[in-house]
Structure formats: C-alpha cells, structure tokens
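Comments concern the structure below.
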C-alpha cells in the first residue's frame, strides 16, 4: 500500500492485484479527502512554525527586520560571507496617550510603519511585530492608560447622571411646593 501526495487534493490508496495473465495492474481501492491540508490552520500554537528572531531584534521595534546573511561578490565573482544588519537607531518617540517621549531601539522601517499607522500608540496596538522587549512594555503601558481613562470616563458619566437626577429631583420639589 502507498498513498499519493496530499498536495494534489486527494489521497488514493492502491494495491497490486495479480491478473489471470500473470501480469500485475494497479487498482484504485478508495479515494478520500486528505486528513491534512496545508491550507488548514492549526488550533495549537505549538504546531505553527515560528521564525527565529535574534536577541537583537527582540530588544526594540524592528518591524520584522532582522539580521540576514548573504554574500559579497568581488570583481572575480568570488563569494565571501557577510551579514546584512537592519538600520537601527536609538530614538525617542512620542506617545499621545501617555503624553511622553519613550526611548526605543527602532529601525527606519519601523519609523515609516509608525507614521503609516498614525502614531506610536496605533502602531503598538495594531502591529503583529510587537511581541516582546521595549515594544511590549510600552504596549502594556498604553493599554493600561486606555483602560484607566475608560474607567475614569465611566465614573465621571455616572457622577454626572447622579448629579443631574438629583438636580431634577430638587427642581421638582421646588415646583411642587
């Protein structure tokens, strides 16, 4: 028994059956849909392949950029190994929600992405590349500030509703007397 490759969409199991003329022929026994599909997403995160990230790129906002390897070619076309490092600068970026400048190790590509996202806060909250290091710490601070502001707004709204209902009750008492 053998099975065809799963990428063709069907798994066919075949077996060899001898014929009366002592020749063998292939007979398809059954066809079924594959149990594994490369398009099907796994529900377990440990089953998904994760790209290696260097310690350097874990530190700051690198926007998916990392150290790459390649060759430098001389005039004689002799290849020498080299590294391509991301363009990293130490920069303070303004957070509107926290109302402060936050220092980051940031790539120029990440600076462009921050501009496209509409600011540091939007980038931190929406980017899939902010998973650890300086970026994650700032993201947690921004989320906590948003949560605190929402609580404060709800509390102020409740206080305004309570004061408005008490003033209307006082006005009704005055009109009745």
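Assorted remarks:
- As for the stretch 67-76, it holds no residue that is outside any helix (DSSP H, G or I), modelled with pLDDT under 95, out of contact with any strand residue (DSSP E or B) (no Cβ under 8 Å at 6 or more places or on another chain) and surrounded by fewer than 16 Cβ atoms within 10 Å (Cβ to Cβ).
- Among the residues of the stretch 109-141, just one is surrounded by fewer than 14 Cβ atoms within 10 Å (Cβ to Cβ) and closer than 30 Å to residue 73 by Cβ, namely 112.
- Residue in the stretch 103-116 that is more than 26 Å from residue 54 (Cβ to Cβ) and modelled with pLDDT of 95 or more present: no
- Test for residue 151: is it exposed (fewer than 10 other Cβ atoms within 10 Å of the Cβ) and either at pLDDT 95 or above or not in a strand (DSSP E or B) (or both): no
- Condition met for residue 85 (touching a helix residue (DSSP H, G or I) at 6+ places or on another chain (Cβ under 8 Å) and modelled with pLDDT under 95): no
- Just one of (1) part of a helix (DSSP H, G or I); (2) at pLDDT 90 or above fails for residue 94. It is (1).
- Flag if residue 135 is modelled with pLDDT under 95, in contact with a helix residue (DSSP H, G or I) (Cβ under 9 Å, 6 or more places away or on another chain), part of a helix (DSSP H, G or I) and closer than 29 Å to residue 50 by Cβ: yes
- Out of 57, 76, 95, sole residue that is free of Cβ contacts under 8 Å to residues at least 60 places away in the same chain and more than 30 Å from residue 146 (Cβ to Cβ): 76
The values are calculated or read from the model by the stated rules, or taken from the named source; none is laboratory data. Every value quoted in this text rests on a predicted model; they were computed, and no experiment measured them. Heads up, the Cβs are rebuilt from the backbone with ideal geometry, glycines too, and the neighbour counts pull from every protein chain shown.
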